[in-house]
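K.L.:
Below: one structure in structure tokens.
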Amino acid sequence: MSGLSYSSTLFLVASGLSLIFGVTRIINFAHGSFFMVGAYVACSLTARLPATPLGFWSGLLMAALVAGLLGILMELIILRRIYRAPEIFQILATFGVILIVQNAVQLIWGSEEIFASRAPGLRGTVNILGQHFPQYDLVLIAIGPLVLIAIWFIVHKTRWGVLVRAATEDREMAASLGINQSLLFTSVVFLGCLLAGLAGALQIPKDTANLQMDLNIITEAFVVVVVGGMGSILGAFLAALVLGQTHAFGILAFPSLTLVMTFLLMAIVLVIRPLGFFGRMGRPARALGPSTEPLRMADRRYHLAAAGLLLVLLAAPLVVGAYGQIILTEIFILSVFAASLHLMMSFGGMVSFGHAAFFGLGAYATAFAATRLGLPFVAALAMSVVVASLIGVVMGWFCTKLSGVYFAFLTLAFAQILWSVAVQWVDFTGGDNGILGLRLPALIAGTTAFYYFALLVSIAALLAMRQLVFAPFGYALRATRDSTMRADATGLNPRRHQLAAFVVSGMFAGLAGGLVAFQRGRVFPNDLSIATSVDSLVMVLLGGVQTLVGPVVGAAGYHLLRTELIRHFDELWRLILGTIIVLLVVAFPGGITGGVKQLVAAAGRWREARR
């Protein structure tokens, strides 16, 4: 019964997420933010309204309405301008919304957890089979099916529901019949965000309202949506039931493996049923992976610019202090991390939501080899590449059987499994305390020495990936990305090339993780977290997916921007960073390098017009 109560909350969040995706094709990473807003607003309203059942439930409903109205605001200001952009850019925009909402909530309610009073009239327990079960949880169990029935009635028995189903089946055909898509999309986003806000409001008698609840709920909501089948409300309900029972069983029988079981369930379902319980192969409006222009070898100007940049970096330690060298070293390492994802995503057409799996594996493999096995520096760093490559073969064998959004979420499942192991297998990984005590050899122990070492390794890694792109393997990989059927017809083996790209990408990400482990002298589970995976996506997309230098530019820009904002705007850095990300996506969907190209082209047209 505890599992059923948890299932209702998951279903409320996942049903809204599934509705939004089914109609708009948006993978709304910010959906958990509306869950959090619902919880915080409900805490404030219920504290001010009369402490009666009417006052309490009115406060919850008003909180849900506030979340829905904020969803409309997001749709009108941000999403409406990027509906025709590839989904991956919409993910970046909604990630910016996460930062904005999280900072806004912190400014309004503070950083401390907020405790709400229990539901009036439902503060007791009911004796069931000799066990005391909370009355409020019984109400939550009933709310889930009631919401399912209400959604079914709205979707199948109202004209609005007919329009929603029409847009879900074939959005282009619905538009050609004169359906007002703008109004339809706005209403769907409103309903989806309202359901998320209602789920958050319903949680306040059970849990505290805190700043981590948005990311905590969104990962599990994505599990429900993917397992049930993207866009299927009934599938989301069934998946929520299964996941709720799995979660409750894990707490009872295997408390140390509870987090692992959730994402293991998702991985197993996707391997057996690639489209989930009730998913269908629809006609996507846009490809998930970003399309790229034909690549050309760099000309003399780029070679001269690269040589000049190298001279600047070689001379930088003479100008900048130790802090500046540390920041630049981190940029070198992050450039390799971002470029490894860029190789798989831009040239292989495989978008990963769990690229931190390789980064964290490389970090942990290096730390374990150096501290537990006592291997020397070079051998310990090599272990990052070996372990990441081996796990990449296993992960890739399963993941490359899927495509599109299901591929992306299976990589997320594997990454979250590894993160859960790192958190809960305390005897082996150290848990939240991590692995400490990594030491550099005397030759590169200083800040400046390691700066030059990281620069050398990152240049070698970036050149190796560039060589792969222009090798026959790179051309075959791009052919597979552009048309799997044509590539197969010409004698290429698409899955073999995708698997090879997956493993190579993981290998370089593991190398970046190993470098980070030695630079910091310690490793933590955060290196495997979804936040780290999102950071890699942000770096690639901010830099631009259509150029080889995009991930390097994105890594430098994102890391410098975030670091400086944290230094100078401690309380506002998320709000400012999120706003900048959203503005860049809306104004320059091609990223920083794409934006520079647009400005150069515009300047050229202006000069021509002047002539």
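K.L.:
Roughly how large, in nm² to one decimal, is the mean projection of the convex hull of the alpha-carbon atoms in the stretch 320-533? Mind showing how you got there, number by number?
P.N.:
Values: hull surface 46.8 nm².
So the Cα hull casts an average projection of 11.7 nm².
K.L.:
Exposed loop sites here are GluC sites (Glu not before Pro) in DSSP loop states with at most 12 other C-beta atoms within 10 Å. What is the longest stretch of the chain lacking them? Let's see the in-between values first.
P.N.:
Details: sites that count: 112, 571.
In the chain, the maximal stretch lacking such sites is 113-570.
K.L.:
Which of 263, 222, 29, 569 has the fewest other C-beta atoms within 10 Å, and how do the rest follow up to the most? Please list the in-between numbers first.
P.N.:
Working: 263 22, 222 28, 29 25, 569 14.
By the 10 Å Cβ count, ascending: 569, 263, 29, 222.
K.L.:
Sort 45-54, 114-123 by the packing proxy (mean of other Cβ within 10 Å over each peptide's residues), most packed first. It would help to have the intermediate numbers written out before the result.
P.N.:
Details: 45-54: 13.6, 114-123: 15.5.
In decreasing order of mean packing, 45-54, 114-123 become 114-123, 45-54.
K.L.:
Related question: Hey, could you pull the Cα Rg and Dmax for the chain, both in Å?
P.N.:
Every Cα atom of the chain included, Rg and Dmax give 24.9, 89 Å.
K.L.:
Give the separation of the Cα centroids, the stretch 213-231 to the stretch 428-474, in Å.
P.N.:
About 34 Å separates the Cα centre of the stretch 213-231 from the one of the stretch 428-474.
K.L.:
For the Cα atoms of the chain, what angle does the longest principal axis make with the long axis of helix 213-228, in degrees from 0 to 90, nearest 10?
P.N.:
80
K.L.:
Moving to a separate point now. With the Cα gyration tensor of the stretch 8-111 giving a ≥ b ≥ c as the square roots of its eigenvalues, does the rule (a/c under 1.5 for rounded; else a/b larger than b/c for prolate; else oblate) give rounded, prolate or oblate? Walk me through the numbers before you get to the answer.
P.N.:
Values: a/c = 2.58, a/b = 1.77, b/c = 1.45.
It comes out prolate by the Cα gyration axes.
K.L.:
Sort 315-321, 196-202, 552-558 by packing, meaning the average of other beta carbons within 10 Å per residue, with the highest value first. Please list the in-between numbers first.
P.N.:
Working: 315-321: 11.7, 196-202: 31.0, 552-558: 23.9.
Per-residue Cβ counts within 10 Å, averaged per peptide and sorted highest first, yield 196-202, 552-558, 315-321.
K.L.:
So, one more: Can you put 173, 36 in order of Cβ neighbours within 10 angstrom, beginning with the fewest? Intermediate results must be reported in sequence, preceding the final value.
P.N.:
Working: 173 12, 36 28.
Lowest to highest Cβ neighbour count: 173, 36.
K.L.:
Oh, and also: Any idea what angle helix 233-253 forms with the longest principal axis of the chain, computed on alpha-carbon atoms, 0 to 90 degrees, nearest 10?
P.N.:
Roughly 80 degrees between the two axes.
K.L.:
Turning to a different aspect of this structure: Please determine, in degrees from 0 to 90 and to the nearest 10, the orientation of helix 2-24 with respect to the longest principal axis defined by the Cα atoms of the chain, where the helix direction is its Cα long axis.
P.N.:
Tilt of helix 2-24: around 60 degrees.
All of the numbers you see were taken from the coordinates with simple rules; none came from a lab. This is a predicted model, so every value here is computed, not measured. Every residue, glycine as well, gets a Cβ built from its backbone with ideal geometry; the counts of neighbours run over all protein chains shown.
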